[in-house]
1. If I take R0 = 41 Å and measure r between the Cβ atoms of Asp193 and Glu223 in this structure, what FRET efficiency does the formula 1/(1 + (r/R0)^6) give, to the nearest 0.05?
2. From the mean inverse distance of alpha carbon pairs (Kirkwood) and the Cα radius of gyration, derive Rg over Rh for region 37-184.
3. With an 8 Å cut-off on Cα pairs and a minimum separation of 6 or more residues, tell me the relative contact order of region 201-330 in percent.
4. Along Cα→Cβ, 7 Å out, is where each label goes; now give me the distance between the ones at Asn51 and Gln163 in nm to one decimal.
5. Per 10 Å bin, what is the whole-percent P(r) computed from every C-alpha pair distance within region 207-343?
6. How much length is gained if the chain between Ser110 and Asp186 is pulled fully straight, taking 0.36 nm per residue apart and subtracting their Cα-Cα distance, in nm to one decimal?
7. Shape verdict for region 160-199, please, from the Cα gyration tensor: rounded (a/c under 1.5), prolate (a/b greater than b/c) or oblate.
8. Report the extension gain between Asp144 and Glu265 in nm, rounded to one decimal, defined as 0.36 nm multiplied by the number of residues separating them, less their alpha carbon distance.
Amino acid sequence: MANKFAVTALVAALTLGGGWLVYQNIGGTSGNTVESDREGWFLPELRSKLNDVRRIEFTKADTVVRMQSDGSSWTATDFGGYALRFDSVREFLLQVASLKDAQKKTSSPSRHADLGLAAVVEAAEDPRAYGAPQPSTLLKLWTDGAEPELALWIGRGKWQPSQGVYVRLDGDDQCWAADGQLRPVDDTKRWMDTKVVSMSAVDVASVAITGDLITTISRPDAETDFACDATEPEGREWKPVGAFSAITSSLSYTNFENVELASAERYQSAATRTVTWTHFDGTAIVAEFWQVEGGCWARFSGEEYANWAYYFGSAKADVWFQGLSDWSDEFAEEGEAVEEESKE
């Protein structure tokens, strides 16, 4: 009688710091196992170790991006341990483990640059020109050991006959074209949640400013326009429509451009300006701003923000540092007003 083999698939939910990975282990009744690479995986051994990855490092030219995990969350090593979006890290690790059906390409170091896999690339006269050599990204993954579990050069993407990427194991000249996607990062902030505090404009009852300007903008209810307790500058009057709308609504969108620990020397001195947005329910968000060239650094109230300072560019800083002249217009001379009306 012919031997009968029962092929079973064991689907294990591997906890990847709170996420999961479906991993197949295929075996027969005889106890013999089919090698993982028979499934076409480029890095079969890594697939069983994703739970244990504790450090990730990307090196591209002079840029190094590092992140680490305590087993339950991921943080940015180069940003004082600022939290990263777990889903972003998990997705990338799954992409690495899912590379498959690799085809051998060149093993000649002189041709590594053609696939974006050269360890060193000479600077192009115009790096943005089509076909100009681009620096490769070296990915390293660590588990608990001092030596990386994986060191992989990531090169150009490919689209035919299927979507994939050129890769090369560090220390090995052999290049491969593997099916799958890899999106290495050269800026850790891409994996951060850059939105901080939030308060909808319709919920703002008042905005109190101290520091380089002392004034309060308030309204009794959501149907009433804001009013300022300061006197209009000489020769000016408050804008008739939306005079204070920019600053009162500025917490509706607060995505920072950079972040650092609030222990830096800058934050030991008094803030340039402090602004308090108060909700109709009485809760408030307090922000301290340090004005710098091109923008400002900010610290926000709230336990989750206590250790951090956030940088915002000029578009946001210009709003937070608005003053009386920004909220008012020059008086129009009566004759000028009549002349403008006659033109119409």
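1. FRET efficiency, Asp193 to Glu223: 0.75.
2. So for region 37-184, dividing Rg by the Kirkwood Rh gives 0.97.
3. Working: 223 pairs, mean separation 38.3, N = 130.
After rounding, I find 29 percent.
4. 3.0
5. Computed distribution, short to long bins: 11, 37, 30, 15, 6, 2, 0.
6. Contour length minus Cα-Cα distance gives 24.8 nm.
7. Working: a/c = 7.21, a/b = 2.33, b/c = 3.10.
Oblate is the answer for region 160-199, as a/c is 1.5 or above yet b/c matches or exceeds a/b.
8. Gain on extension, Asp144 to Glu265, equals 40.1 nm.
Coordinate-derived values only; no laboratory data. Just so it is clear, the structure is predicted and the values come from calculations on it, not from any experiment. Neighbour counts are summed over all protein chains in view; Cβ atoms, including those assigned to glycine, are modelled from backbone coordinates with ideal geometry.
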